[in-house]
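Colleague: Here it is, the structure in full.
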Amino acid sequence: MIAAACTFALVAISVSLLLNVYRLIAGPDATDRILALDTMVINAIGLIVLAGIMFGTTMYFEAALLFAMVGFVSTVAFCKFLLRGNVIE
Amino acid sequence: MATLLEFASAAFIVIGGVFLFVGSFGLAKLPDTMRRLHAPTKATTLGIGSLLIASLIYFVALRHAAGIHEILITLFLFLTAPVSAIMIAKAHIFRHSDVQRTLSPDAGGSGWATLNAASDDPRSVDSAASPKA
């Protein structure tokens, strides 16, 4: 049952990542692209957690945690650059 | 009992996948940036929270492994999602004068912080380097 659910979620997240790539390429403004990148990071965390469940290992959670932190910092840095023209003032 | 927990875990995995898809679909479908901001910041956060609950149930109940990491990731994502959303919204307001004209007047009368922070902040590199400052 869990294997079937994992397969469903895997397909859903993969389609989500493709939609994010569409917005990343098509997005008319830089803020849309930042938003698409942020969503891609969240989807990637979902994929990592799913992989952890599928393979039955807790080893991947450190990777998910690192992804969450780096994704947040990069989003804020991009927005800060758009707002102030500089990241660390 | 194990079957019930397995069913709960599978249900949370499906719910998480659906909400992650809904958020990304909204990001691709909605017409402008401010509306697009809603879908990923709300729906995908709910989706990832659901996946992490599923993982918590799976590892704690079915595999008897410690589950502190899921709580950490959930806490971190739930704290950072609103912050990144407001940063993107501020950047969007800053870059578009047509959006700025639709803003309601602020209560203090000093203008929106997003718009006047860059010019008169004493720590700003620009004002420190300019001759009049």
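Laboratory data are not the source of any read-out in this text; all were calculated from the coordinates shown. All values reported here derive from a predicted model rather than from experimental measurement. Cβ sites come from the backbone with ideal geometry, for glycine too, and all protein chains shown count toward neighbours.
Colleague: Within a 10 angstrom radius of each residue's Cβ in B:24-35, how many Cβ atoms of other chains show up on average? Whole number is fine.
Modeller: 5
Colleague: While we're here: For chain B, modelled as a GNM with alpha-carbon contacts under 10 angstrom, which of B:L27, B:L103, B:L46 fluctuates the most?
Modeller: B:L103
Colleague: Further question on the same structure: For the protein assembly as shown, what are the per-bin percents of Cα-Cα distances with bins 10 Å wide, up to the bin holding the maximum?
Modeller: In whole percents, the pair-distance histogram is 8, 31, 29, 18, 10, 4, 1, 0.
Colleague: Shifting gears a bit: R0 = 41 Å: FRET efficiency of B:L5 with B:L30, Cβ-based, nearest 0.05?
Modeller: Computed FRET efficiency for B:L5 and B:L30 comes out at 0.65.
Colleague: So if the hydrodynamic radius of chain B is defined as the Kirkwood radius over C-alpha pairs, what does Stokes-Einstein give as its diffusion coefficient at 10 °C and 1.306 mPa s, in µm² per second?
Modeller: 87
Colleague: On each of the three principal axes of the Cα atoms of segment B:29-81, give max minus min coordinate, whole Å, ordered largest first.
Modeller: Rounded to whole Å, the extents work out to 46, 19, 7 Å.
Colleague: What nm value, rounded to one decimal, do you get for the distance between B:L103 and A:R33 when each label is placed 7 Å out toward the C-beta?
Modeller: 2.5
Colleague: Further question: Using only alpha carbon pairs under 8 Å that are at least six residues apart, calculate the relative contact order of chain B and give it in whole percent.
Modeller: Reported as a whole number, the value is 20 percent.
Colleague: How would you rank B:S9, B:S104, B:S97, going from fewest to most other Cβ atoms within 10 Å of each one's own Cβ?
Modeller: B:S104, B:S97, B:S9
Colleague: Still on this structure, I have one more. GNM, chain A, Cα, under 10 Å: largest mean-square fluctuation among A:L50, A:L18, A:L37?
Modeller: In this elastic network of chain A, the residue with the biggest mean-square fluctuation among A:L50, A:L18, A:L37 is A:L18.
Colleague: Got a sec? How would A:I88, A:I13 order by Cβ neighbour count within 10 Å, fewest to most?
Modeller: Lowest count first: A:I88, A:I13.
Colleague: Can you classify chain A as rounded, prolate or oblate using the Cα gyration tensor, where a ≥ b ≥ c are the square roots of its eigenvalues, rounded means a/c under 1.5, and otherwise it's prolate if a/b beats b/c and oblate if not?
Modeller: Cα axes put chain A in the oblate bin.
Colleague: Continuing with the same structure: Taking the number of other C-beta atoms within 10 Å as the exposure measure, put A:C6, A:C79 in order starting with the fewest.
Modeller: A:C6, A:C79
Colleague: While we're looking at this one, here's another question. Rounded to the nearest 500 deg cm²/dmol, what is the calculated helix-only ellipticity per residue at 222 nm for chain A, with -39500 (n - 2.57) per DSSP H run of length n ≥ 4?
Modeller: Theoretical 222 nm ellipticity from helices: -30000 deg cm²/dmol.
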